[in-house]
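Chemist: I'd like to ask you about the structure that follows.
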Amino acid sequence: MSTAAAYALSTSDGSFEKVTIQRRDLGPHDVLIDIKFAGICHSDIHTARDEWGRTRYPCVPGHEIAGVVAAVGSAVTRHRVGDRVGVGCMVDSCGVCAPCLADEEQYCAAGATMTYNTAVDPAVQPGGHTLGGYSTQIVVTENFVVAIPEGIGLDVAAPLLCAGVTVYSPLRHWGAGPGKKVAIIGMGGLGHVGVKLAAAMGAEVTVLSHSLSKQDDGKLFGASGYYATSDKQTFRELRGRFDLILNTVSADLPVDDYVRLLNLDGTLVILGLPENPVSVKPFNLAGYRRSLAGSMIGGIAQTQEMLNFCAEHGIGAEIELIAADEIDGAYDRVVASDVRYRFVIDVSTM
Ligand code: NAP
Ligand code: ZN
């Protein structure tokens, strides 16, 4: 076993503290990664603060990991020492169920092993649950490590490992491209990458944000329309407009108001994961053959495809780099929607 420095919470209302954690010895298919940057996803905050009610402590969040391979197990073929690599939300899955065989490991029938907060055999993970990327090193089986192409900085690549693939996957699944009108609700970490990706795919992109304060940025990222949802006129003007709407908001929203913005056969995809149920009037779905759907991150092959797409189109996340001892303040700013557009921890400060 090796040790690594990490930032952990020991209770839901505590502050992050520097700790020493154990990483497992390298198995034949394992890769040891020196983590350089770790993004702060809103899911880290939901988990760390136990908003989903199943957090295991000590909690080391972090599933937007970019780093460099430090060592490989004897049977590793996909990665070499010195490679620039990333790890997202998952570190393993059963590999034999139908979703895994279809490269959709995030829907693994046995439940994928998430990068943090999944209970696992203490022989595999000291302490008994996975510990994430707010850490100097991690050991991951090679099939769950992706290559970060040259041309994307590791710092701006890190958020793509979760935020990027979470928006890329539904954009591809529901056919975003030329001739499609796509709206993105919420321009935070997920939302701003969603605008860039949908625009690069050739769709007409509109942002629905709670104010117009980020409008200039939205246009720079590729949106042709930008509306404030605090203005009731927005909902009258855009009624029936969109083929696809991605909801990236981390808080409860009146989803029904947004369903009415869908065109015939349009789909509203829920990505944001506040804990409360959503409510939709059946007439608003049936009347225009609309769909309400959800989507969870993306598979490993699609994560690689997304990174290659980003390299080809010069896309990275917009980030604010912070030191490891600034995580608590960054969390408060994310919750207050005061982030442009992703906090990324500079792991060298650990
Ligand atoms: P984020 O950076 O905090 O962005 C969320 C955005 O939602 C904010 O920037 C803000 O955009 C809007 N918003 C926040 N509070 C609001 C409120 N009270 N009313 C209206 N709008 C509000 O969060 P994120 O990291 O992008 O994550 C967003 C959500 O997606 C979280 O719930 C996270 O857990 C979830 N998530 C899901 C998946 C998945 O696989 N499905 C993956 C990753 C994350 P504006 O200022 O533009 O309005
Ligand atoms: Zn995430």
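Chemist: To make sure I understand, if each residue's beta carbon is the centre and we count other beta carbons within 10 Å, what order do His42, His29 fall in, fewest to most?
Modeler: Listed from fewest to most nearby Cβ atoms, that is His29, His42.
Chemist: Another question, then. With the convex hull built on the Cα atoms of the range 198-350, state its orientation-averaged projected area in nm².
Modeler: Taking a quarter of the hull surface, the average projection is 10.9 nm².
Chemist: Cut-off is 10 Å between beta-carbons; in what order do Glu320, Glu64 appear when sorted fewest neighbours first? Display every interim value, and only then the final one.
Modeler: Details: Glu320 14, Glu64 33.
Ranking Glu320, Glu64 by Cβ neighbours within 10 Å, fewest first, gives Glu320, Glu64.
Chemist: What is the count of Lys pairs in the chain whose alpha carbons sit under 17 Å apart, if the two are 8 or more places apart or on different chains?
Modeler: Within the chain, the lysine pair count is 6.
Chemist: Roughly speaking, what is the centre-to-centre gap between the range 241-289 and the range 306-350 when only Cα atoms are used, to the nearest Å?
Modeler: 28 Å
Chemist: If all Cα-Cα distances of the range 281-350 are sorted into 10 Å bins from 0 onward, what percent lands in each bin, rounded to whole numbers?
Modeler: 16, 23, 31, 21, 7, 1
Chemist: Can you bin the chain into rounded, prolate or oblate? Criterion: square roots of the alpha carbon gyration tensor eigenvalues sorted a ≥ b ≥ c, rounded for a/c under 1.5, prolate for a/b above b/c, oblate for the rest.
Modeler: prolate
Chemist: Further question: Give me Met296, Met201 sorted ascending by neighbouring Cβ count inside 10 Å, so fewest comes first.
Modeler: Listed from fewest to most nearby Cβ atoms, that is Met296, Met201.
Chemist: Given Cβ point charges of +1 (Lys, Arg) and -1 (Asp, Glu) and nothing else, what value in debye, to the nearest 20, does the dipole of the range 150-291 about its Cα centre take? If you can, show how the numbers build up before the last one.
Modeler: Values: 14 positive and 13 negative charges, 109 e Å.
Dipole about the Cα centre, nearest 20: 520 debye.
Chemist: Moving to a separate point now. Among bridges DSSP assigns within the chain, what percent are antiparallel (round to 5)?
Modeler: So the antiparallel bridges in the chain amount to around 55 percent.
Chemist: Along the Cα→Cβ direction, 7 angstrom out, place labels at Ser291 and Glu237. What is the inter-label distance in nm?
Modeler: 3.0 nm
Chemist: For the chain, give the magnitude of the charge dipole about the Cα centre (Cβ charges: +1 Lys/Arg, -1 Asp/Glu; no others), in debye to the nearest 20.
Modeler: Dipole size: approximately 960 debye.
Chemist: Of Gly73, His46, Pro61, which is farthest towards the positive pole of the range 2-90's charge dipole, taken about the Cα centre with +1 and -1 on the beta-carbons of Lys, Arg and Asp, Glu respectively?
Modeler: Going by the Cα projections, it comes out as Gly73.
Chemist: Each residue of the range 342-350 in order: what ³J(HN,Hα) in whole Hz does its phi give by Karplus 6.51 cos²θ - 1.76 cosθ + 1.60, θ = phi - 60°, with x for Gly and Pro?
Modeler: Using θ = phi - 60°, the values come out as 8, 7, 10, 7, 7, 5, 5, 7, 7 Hz.
Chemist: Using only Cα atoms, locate the centre of the range 160-180 and the centre of the range 69-120, then give the distance between them in Å, rounded to an integer.
Modeler: So the separation of the two Cα centres works out to 21 Å.
Chemist: Residue-wise, which Karplus ³J(HN,Hα) couplings in Hz belong to the range 269-283, taking 6.51 cos²θ - 1.76 cosθ + 1.60, θ = phi - 60°, and x for glycine or proline?
Modeler: 9, 8, 10, x, 10, x, 7, 7, x, 9, 10, 9, 6, x, 4
Chemist: Can you find, among Tyr226, Leu101, Ser295, the residue farthest towards the positive end of the dipole of the chain? Put +1 on the C-beta of Lys and Arg, -1 on that of Asp and Glu.
Modeler: Tyr226
Chemist: Still on this structure: How many nm separate the modelled label positions at Asp328 and Glu51, each set 7 Å beyond the Cα in the direction of the Cβ?
Modeler: 1.9 nm
Chemist: Hey, what number do you get for the chain at 222 nm if only DSSP H runs of n ≥ 4 count, each worth -39500 (n - 2.57), divided across all residues, to the nearest 500?
Modeler: -6500 deg cm²/dmol
Chemist: Taking 8 Å as the Cα distance limit and 6 or more residues as the minimum spacing, I'd like the relative contact order of the range 247-350 as a percentage.
Modeler: On the way: 111 pairs, mean separation 22.5, N = 104.
RCO, the range 247-350: 22 percent.
Chemist: Over the chain, what is the relative contact order in whole percent, taking alpha-carbon pairs under 8 Å and six or more residues apart? All intermediate terms of the calculation are to be shown ahead of the outcome.
Modeler: On the way: 837 pairs, mean separation 63.6, N = 350.
18 percent.
Since every read-out is calculated from the coordinates, none of them should be taken as a lab result. Because the structure is a prediction, the values reported are computed rather than measured. Glycine also receives a Cβ, built like all others from the backbone with ideal geometry; neighbour counts cover every protein chain displayed.
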